[in-house]
Structures are given as C-alpha cells and as structure tokens.
Protein chains: 2
Amino acid sequence: MKCKRCRRAEAAVELPSHHSAFCPDCFFVFFRRQVTEGIHKLRLLSPEDRVLVCVSGGKDSLVLWDVLMDEGYETEGLYIDLGIDGYSGRSKEKVQAYAASRGKTPIVVELAKEGIPIPEAARCVRMQECSICGTVKRYFFNRVAAERQFTVVATGHNLDDETARLLGNVLHWQRDHLARQHPLLPGADGGLVRKVKPLWRVSEVETAAYGFLKGIDYVTEECPMSEDATSLVYKEALSRIEDRMPGTRIVFYKGFIDPSNPLRKGAEAAAAPEDDAVEDAVGATDADVEERVGTAGACVECGAPTYAETCSYCRLKERVRKARELRAARVAR
Amino acid sequence: MKCKRCRRAEAAVELPSHHSAFCPDCFFVFFRRQVTEGIHKLRLLSPEDRVLVCVSGGKDSLVLWDVLMDEGYETEGLYIDLGIDGYSGRSKEKVQAYAASRGKTPIVVELAKEGIPIPEAARCVRMQECSICGTVKRYFFNRVAAERQFTVVATGHNLDDETARLLGNVLHWQRDHLARQHPLLPGADGGLVRKVKPLWRVSEVETAAYGFLKGIDYVTEECPMSEDATSLVYKEALSRIEDRMPGTRIVFYKGFIDPSNPLRKGAEAAAAPEDDAVEDAVGATDADVEERVGTAGACVECGAPTYAETCSYCRLKERVRKARELRAARVAR
C-alpha cells in the first residue's frame, strides 16, 4: 500500500481510525501535528513554558519528550526510580541513554533514598502498589516542578490510557473523578503546578510506531506490579470495540471533554486542585471539591499543597515508617 | 456448593454479581423479587394495568410474560411475525406453544400480510434490517396497544441489553438517545402508550437460567439478520469487564438512571415521545425534542402519533411500495 499523504513511498503505518496509512516521514508529520493540535486546541502549553516532562522509560513519555524538544519547548526530564528490582534499573538506563542522545541529563528521584520504595511501602501499609505509586509520583512531579521553577508538568498519557480511565469512571459514575479528568489541570495558589497530557489525541499504537520509527529505545516490559490493574481490563474492552469500530476512542474522549457535556459542568472549578489534594479529605463530595478551590493550605510536614493538615504523601510515609518500626521491634523480640 | 439462601439444597445457579448461589426454588424467589423490585422502584406497572407483553419467542420475552402472569398482572402476548424464512416460523411456534401452556392465544401481526416483511423491505430501501425492524416493531407495539385498550407495553430487554445500548450511547455521547433511555417511557396524549422494561435489573444469564429451570421452551438461535449488530460488540465488551469485575453492569445502569446523573437532566421531559416520533424530524436537537413534548399530531396516513405529517412507519412502507413498483416495472421491460 502506498502512503496516503505523499502517494510515493510505501506505507509503514496503517491507521484505520483516521482512514489513512503513512510512510515513516509522513507519519512523523502526521503524529507531530496530532500532538501540536492537541496542545493548541486545549491551550496546554505556551512557548514561554518551562516544561517538566515525567519520563518512565516507556514509549509514551520518551516520545512525548522527543516531540516537545523537536517542537522547541524548554524541557527537562524527571525520572522517578520506584525501587522495583530489575525493572527500575532497566527503565532508568533507557531514560539516561535517551537523554544523553539529546544532550540532556534527567532529574532523578530515588524512592529508596526517600525512604518509600514502592514494593516495600505497599507491603508495609497493605495497599495496592498502583495506588501508592500514583500518590508518590504525583507528589514528586509537583514538588520537583515547584522547587525548580517549572511552569508546567507534562505526562505521557495517551488516548488509550485516558479512555480506559474514562470508561472506568463512567461505568461507576465517579462524578468527582470525572470532574477532574482532563488533559489540562490548571495550577493553583499554594504551589500547585499546572499538569498537562499533550498526547491525549494519539493512540498507544501511534505512539509505539513513532518511538519505533524514530529509533527511540524504550522499555517494552510492563511494570511487574501492574499485572492486575483494572485499567488493563477497560483498555482491552475498548481495544475490541475500536477494532470493530475504528475511531470510537477519539469520539468518546472528545465528546467527554466537550464543554457542553453535562458531566463537565462545574468541572473547571473542580479541576484546579491536585488529585491527591482533593482526595486528602476523606469522603469529599462534589460540593466540597468546589468549595475547596483556591483554599488549599500547606502540609505541616513538607509544605506541599493540601486540604488536610498533613498531605497524603507525608501521611503515607508516616504509615510506612511506623509499620517498619513495628516490624523491627518484632524481629528484635 | 450449597444454596446460600436455604442452605440445604445444592446450588444450581451461581451469581458472582450478587455474591450468591441458589438452588432452583430459591433462585425462582430471588429472580421474581429482582423483577418485582425493579417494577416497584421505578413504578413501571400498577395492579390495574392491562399489559401488552411483546414476545419474540426468545427467552427474555417469554420469561417476562411468565413472571408477569405469575405475579397476577392482566397480560396478553403480542407476536410480530417478521417474515424471516424459517426463523420466524420457529419463533412463532415457541410463542404459541408457551401461550397454550398458560391457556392463552397470542395476538399475531404478520408483516408479510402488512406488506412489509423485514428482509424484503430492507432490500428494497437498502437499510439495515435491525433499523427497519426496530421502527416496524415499535409501530405495531403501540398501535396494537392503543387499538385494544392496553394501558402499557412491556418488552423483555434485560440488563445486558440495556447496558450494551447505554455503553454505545455513552461512547458516542448521543445525548438525545441518552435522554430517552429508561425502563419507563411515559405515555402521552395522541395515542402514545407507556412502555416499560420490567427485566432491567436481571442479566441475560439470570433470565436464561430462569427460563431453563422453569422448563420454558424458547428459540435459542439468534435472529439471522442481527449478526453484524454493533450492540453485540458492546455486549461482549461489557461481558469481559463483568467477568473480571462482577456487578459492574448493574452499577453502571443504576448510576445512569439515578435522577442526580447530569445526563438525565431534562430527560423526563424528553422521554415522553416515542423514539420514532422524535426521530421523525430529521436533525432534531435536544432543544427541539423538549419543545416537541406534548405536541405530537396524528399521522395523515394511519393516525399514529408523530411530529411529522406522516409517521416513520408509513413513510417506510411507502418507500418499500415504490421500490417494489420500480422493480416490477424493470422486470416488465
């Protein structure tokens, strides 16, 4: 099959949802246009921004960093070493190798040094790894950005990730989660940095193809902790629907973020606080969320924005510390 | 495994979404309670109602008729012979045999006699069979009910049917369809009879188990025209999610019909007109739908409620008639 854009070269990537097929060079143009249009339509970034790109070593975040650099944005990469045997080391190597190839050195946060490596923390407090990981990563994304004067945090979530999350939220009508799901979460006073998802318009297949054709070397293994993640169930369900009805994902997501969607009413007000800051208050209702906009205080432990006295990260860390002490005391006895 | 209700007999039906398992007798109690609670909670039926039960010969509609009779409702069955070779005849036999076993004779409408058998009509007007079938069935459900003084039309749609439809409507944010999806569609002046779906709380597996254990003989083959129906794609996707997370379907559906759901705002007003009456006006917006409530006129051809001059059934029939004439003229030449 010939490329549908230049009509000369052989097509390398077929995209049923766009009724199209591209040769590598035309696909690069197409992909970058998808990303930049996604950025401009929702005003995710401006040329003055200093962008902290959160890179895991996987395809999505490295591709995101790559495109943002190519588009001329001022960026640095942040890698959080989760402390997962083998996987974390291999991921870090990929991040460092990619960064070096672009003359960069990533910022690295090591959770083991911070006293909260994910696998041990999960065992200590008997929580799902993915849940802890989310809290800890969001905390450091914001803290590093605030400390180092970045104006925005960018993550590599793609259309498949966002629609899987959306499907889960819709199936359970999680109104507060729905109100805070958007490619743009505005910043707020008190050190809450804006968060954006510039890859919201591109699918996982497209991102993988871009990374592969660009020769970006990324970790292909899934995080060993995420095997039972429910998001994979939603992702697979949507994949089957997309296979039969190409384009369903983008219609689903665009229709959701459309301001006329009744589920988005009042969402802009609710979007401001960081996910965890909102979740800090136990049993928060939608009305609470709206009330709390702009009134976040500082965590008494670390100064991070929170609506509670202590932020969820510090409370988690304290629970891990206590569990560890208890275990040490048991061993000593 | 023992029955979780009587704790004596062997369980015959396991229901993960209810964390339960029942012997046949206890399952009958459970199932009938699910249906009657579904009826009472949404006030679908009252003891004074004359219920026209639409029976296809499949498990859902025969089980519905069975339960409604057992619960003491005054019912008659309506069978629409779609004119599909083999399938329609076998379905009619099942309906007649079941009706006879309960001392009933079903009302039968033969689409071949009405001049609009589905397969030929679909060929003539080059439309999807399922789409034509929906229009024609809804028309006769309402017409037979209105002519014979039934107060309500009941169909056998179960939780799997309704959630598959809901998923399709949500994935495409079909606001007007969402506004009109509910187990209760109120009647309206001008001959529009109330429509209810009393099986909305029970799953396909539960309905099949009830039919099987009750010894109801139903057609097990799918309609040969429905092979490509997109609803099956949504149904399958939800089945996979339900398998992994039992209870997802009922949470999804209950959360949707909850009056506090923003997607249901204004839905009660929009629910009144019959689906086809609303769809009669091409390019109708939500605002139009609300405006049109209570102002339906009578079809100039047949007197059925419609917002156009001629109802969608009569327009369809006219298109079929013309296509048939054209074909006859071609053959004659």
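The values are calculated or read from the model by the stated rules, or taken from the named source; none is laboratory data. Just so it is clear, the model here is predicted, and its values are computed rather than measured. Methodologically, a virtual Cβ is constructed for each residue, glycine included, from the backbone with ideal geometry; neighbour enumeration extends over all protein chains shown. Just the protein is used for accessible areas: all its heavy atoms, side chains included, with ligands, DNA and RNA removed. Shrake-Rupley method; radii C 1.70, N 1.55, O 1.52, S 1.80 Å.
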Check your understanding: Which of the residues that make up the stretch B:250-260 are assigned to a helix (DSSP H, G or I) and at the interface with chain A (Cβ under 8 Å from one of its Cβ atoms)?
Key -> B:Val251, B:Phe252, B:Gly255, B:Phe256
Practice item. Filter the stretch B:177-204 down to the residues that are in contact (Cβ under 8 Å) with a residue 24 or more places away in the chain and part of a helix (DSSP H, G or I), then identify the one that is surrounded by the fewest Cβ atoms within 10 Å (Cβ to Cβ). Key: B:Glu204
Practice item. Check A:Gly38, A:Gly57 and return the single one that is small (Gly, Ala, Ser), open to solvent by less than 20 Å² (accessible area, probe 1.4 Å) and closer than 20 Å to A:Lys214 by Cα. Key: A:Gly57
Check your understanding: Residues of the stretch B:203-237 being over 16 Å from B:Glu162 (Cβ atoms) and within 12 Å of chain A (Cβ to nearest Cβ), which ones?
Key -> B:Asp228
Point to revise | Inter-residue pairs, beta-carbon under 7 Å, first on the phi > 0 side of the Ramachandran plot and in the stretch A:56-77, second outside any loop (DSSP other than H, G, I, E, B), 6+ apart | key: A:Gly57/A:Ser91; A:Gly57/A:Lys92; A:Gly57/A:Lys94; A:Gly57/A:Val95
**Study point:** Filter pass, B:Cys130 being open to solvent by less than 30 Å² (accessible area, probe 1.4 Å), modelled with pLDDT under 95 and farther than 23 Å from B:Arg264 by Cβ
**Key:** no
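Is one or more of the residues making up the stretch B:13-27 among the charged types (D, E, K, R) and closer than 15 Å to B:Thr207 by Cβ?
Scanning the stretch B:13-27 turns up no residue that is among the charged types (D, E, K, R) and closer than 15 Å to B:Thr207 by Cβ.
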Review point. Is it true that B:Ala237 is farther than 17 Å from B:Gly38 by Cβ and touching a Lys or Arg at 6+ places or on another chain (Cβ under 7 Å)?
Key: yes
Check your understanding: Do the conditions hold for A:Leu199, that is, is it in contact with a strand residue (DSSP E or B) (Cβ under 8 Å, 6 or more places away or on another chain), among the aliphatic types (A, V, I, L, M) and more than 14 Å from every other protein chain (Cβ to nearest Cβ)?
Key -> no
Check your understanding: Name the residues in the stretch B:120-138 that are under 17 Å from B:Glu318 (Cα atoms) and touching an Asp or Glu at 6+ places or on another chain (Cβ under 7 Å), would you?
Key -> B:Ala122, B:Thr135
Point to revise | Pair list, Cβ under 6 Å, 6 or more apart: the stretch B:238-249 residue more than 9 Å from chain A (Cβ to nearest Cβ), other residue surrounded by 15 or more Cβ atoms within 10 Å (Cβ to Cβ) | key: B:Glu242/B:Thr248; B:Glu242/B:Arg249; B:Pro246/B:Ser17; B:Gly247/B:Ser17
Practice item. Inspect the stretch B:138-145 for any residue being away from every other protein chain (no Cβ under 14 Å), crowded, with 20+ Cβ neighbours inside 10 Å and closer than 16 Å to B:Trp65 by Cα and give the result as yes or no. Key: yes
Revision key, fill the gap. Scanning the stretch B:111-121 for residues that are among the charged types (D, E, K, R) and farther than 12 Å from B:Ile84 by Cβ, the one least open to solvent (accessible area, probe 1.4 Å) turns out to be B:Glu114
Review point. Within the stretch B:219-255, can you find the residues that are hydroxyl-bearing (Ser, Thr, Tyr) and modelled with pLDDT of 95 or more?
Key: B:Tyr234, B:Ser239, B:Thr248, B:Tyr253
Exercise for review: Go over the candidates B:Ser101, B:Ser91, B:Ser46 one by one and state the one that is modelled with pLDDT of 95 or more and surrounded by 19 or more Cβ atoms within 10 Å (Cβ to Cβ).
Suggested key: B:Ser91
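Listed here are the residues, each with its yes/no results for (1) aliphatic (A, V, I, L, M); (2) out of contact with any Ser or Thr (no Cβ under 6 Å at 6 or more places or on another chain).
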{"site": "B:Val196", "(1), (2)": "yes, yes"}
{"site": "B:Trp200", "(1), (2)": "no, yes"}
{"site": "B:Ser203", "(1), (2)": "no, yes"}
{"site": "B:Tyr210", "(1), (2)": "no, yes"}
{"site": "B:Tyr218", "(1), (2)": "no, yes"}
{"site": "B:Cys223", "(1), (2)": "no, yes"}
{"site": "B:Leu238", "(1), (2)": "yes, no"}
{"site": "B:Ile250", "(1), (2)": "yes, yes"}
Review point. Since A:His18 meets every condition but one in (1) modelled with pLDDT of 95 or more; (2) over 18 Å from the mean Cα position of the chain (by Cα), which condition does it not meet?
Key: (1)
Practice item. Go through the stretch B:166-188 residue by residue and tally those that are more than 14 Å from chain A (Cβ to nearest Cβ) and in contact with a Ser or Thr (Cβ under 9 Å, 6 or more places away or on another chain). Key: 1
Check your understanding: Does the stretch A:217-254 hold any residues that are open to solvent by 20 Å² or more (accessible area, probe 1.4 Å) and over 20 Å from B:Ile241 (Cβ atoms), and which are they?
Key -> A:Asp217, A:Tyr218, A:Thr220, A:Glu221, A:Cys223, A:Pro224, A:Met225, A:Pro246, A:Ile250, A:Lys254
Review point. Among B:Arg8, B:Arg33, which is the only one that is over 20 Å from the mean Cα position of the chain (by Cα), surrounded by fewer than 17 Cβ atoms within 10 Å (Cβ to Cβ) and part of a loop (DSSP other than H, G, I, E, B)?
Key: B:Arg8
Practice item. Consider A:Ile84 carefully, then state whether it is open to solvent by less than 40 Å² (accessible area, probe 1.4 Å) and in a loop (DSSP other than H, G, I, E, B). Key: yes
